[in-house]
Amino acid sequence: MPRPSDQNWDSVLARRRFVLSLAATLGFSGVAAAAGGRLDDPLKPTPDIVGQVTPDAGEDIGISFGDSIQRLIAAGALDPEKLRSDRGLPHWVDRLLTGLSTEPIRFSRDTAPYLVDLLWPLGLSTKAAFNEKSPINTLRIPGFASTGGWTVGRERNGYVYFNTVDAIDLTTQQEAMVLDAAMKTFRPCCDNSTFFQDCNHGSALLGLMELAASQGATAARLYQIALVVNSYWFPDEYAKTALYFSRFKSRSRSEVAPEVVLGPNYSSFSGWRKNVNDRLRRANVRLPPTATGSAACGISRLD
């Protein structure tokens, strides 16, 4: 094949440099057609990565609250009037505060902030033998964000409700399953496992795991549910994690086991920052501008 002229060769090189620069910023799929390349490049990010991690329609996790909210209210761990506040609540939350519910819990971008507040006292208060060995069960217990931050019970500091309420009925085997999953799942707001429920998200996920186990969820299902809810509570972090696996491992979100994603390498704050965020940043791979941010560790609907 004859070599192109110097002028044409310079044009080819310039075009390649432009395409590579654009790919680093927007991802290979967005420029593959313009480059004349293949759209099924194994290194390209998933096009709608945010929509896959947190679908607009939400996700039904197949678990209901039952009468657990009413048990919390009866014990004083949840005060409905404090939760309602002066801004009111959606009708579906009000229904949960007034009677038992068999309706499956549905996580979405709209419901996630309310659900963390409903599940938080459940994980904090539910009696379980493993709570006796909880890392927050120390003299420092009033000072954690999960305890001192829970001010929506009758008492001003939520630590008084820790491990005191029969809100969920668990067998010994179910407790063991929950403990195992809780010790192996993390959240990107800190470096602690779900078992170390030092913030609202830790307490809420622990409560949801207990609720799911009591309704027959398997160990595998606990991890699946945990990944769904963590993704809605921390959408940017888990979208970036999905982008990382797509870009560097050529694996879609559905191809990675939930327990791997939820482990310390990809879901603890330090692990996620080192293995996901820093790696994407060095490669100049970014989320699309539609990303929405993540929840803070505090009561989301009250001032």
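The values are calculated or read from the model by the stated rules, or taken from the named source; none is laboratory data. Nothing here was measured: the structure is a model prediction, and the numbers come from that model. Cβ coordinates were reconstructed from backbone atoms using ideal geometry, including for glycine residues, and neighbour counts include every protein chain displayed.
Looking only at segment 183-227, filter to residues that are outside any loop (DSSP other than H, G, I, E, B) and of a type in the set (D, E, K, R); which one of those is farthest from Ser108 (Cα to Cα)?
So in segment 183-227, the residues outside any loop (DSSP other than H, G, I, E, B) come out as 183-184, 186, 193, 200-214, 219-227.
Next, from what is left, pick out any that are of a type in the set (D, E, K, R): 184, 210, 221.
On the way: Lys184: 24, Glu210: 21, Arg221: 19 Å.
Looking at the filtered set, the residue picked out is Lys184.
Summed over segment 113-129, residues that are over 14 Å from the mean Cα position of the chain (by Cα) and either among the β-branched types (Val, Ile, Thr) or modelled with pLDDT under 95 (or both) total 1. Can you give me the number of residues within segment 246-263 that are touching a residue at least 24 places away in the same chain (Cβ under 8 Å) and closer than 17 Å to Ser231 by Cβ? Adding up the residues that qualify gives 9.
In the set (1) surrounded by 14 or more Cβ atoms within 10 Å (Cβ to Cβ); (2) not in a helix (DSSP H, G or I), Pro289 fails one condition alone, (1).
Take the conditions (1) small (Gly, Ala, Ser); (2) modelled with pLDDT of 95 or more; (3) within 16 Å of Trp233 (Cβ to Cβ); Ser294 misses just one of them, which is (2).
Results for (1) within 17 Å of Met209 (Cα to Cα); (2) assigned by TED's automatic domain parsing to the domain that holds Ser203; (3) surrounded by fewer than 16 Cβ atoms within 10 Å (Cβ to Cβ), shown as yes or no for each residue.
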{"residue": "Ile69", "(1), (2), (3)": "yes, yes, no"}
{"residue": "Ala77", "(1), (2), (3)": "no, yes, no"}
{"residue": "Ser85", "(1), (2), (3)": "no, yes, yes"}
{"residue": "Pro90", "(1), (2), (3)": "no, yes, yes"}
{"residue": "Leu97", "(1), (2), (3)": "no, yes, no"}
{"residue": "Pro104", "(1), (2), (3)": "yes, yes, yes"}
{"residue": "Pro113", "(1), (2), (3)": "no, yes, yes"}
{"residue": "Asp117", "(1), (2), (3)": "yes, yes, no"}
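Looking for something touching a Gly at 6+ places or on another chain (Cβ under 6 Å), modelled with pLDDT of 95 or more and of a type outside the set (A, V, I, L, M, F, W, C) - is there at least one such residue anywhere in segment 258-266? Scanning segment 258-266 turns up at least one residue that is touching a Gly at 6+ places or on another chain (Cβ under 6 Å), modelled with pLDDT of 95 or more and of a type outside the set (A, V, I, L, M, F, W, C).
Could you say which residue among Val228, Val276 is among the β-branched types (Val, Ile, Thr), in contact with a Ser or Thr (Cβ under 7 Å, 6 or more places away or on another chain) and under 14 Å from Arg187 (Cα atoms)? Please lay out each step first, then the result.
Numbers: Val228 fails: in contact with a Ser or Thr (Cβ under 7 Å, 6 or more places away or on another chain).
Val276 is the lone residue from the list that is among the β-branched types (Val, Ile, Thr), in contact with a Ser or Thr (Cβ under 7 Å, 6 or more places away or on another chain) and under 14 Å from Arg187 (Cα atoms).
Restricted to segment 56-157, the set of helices (runs of 4 or more DSSP H) holding at least 2 residues that are among the polar types (S, T, N, Q) and either closer than 27 Å to Arg187 by Cα or in contact (Cβ under 8 Å) with a residue 24 or more places away in the chain (or both) comprises 68-75.
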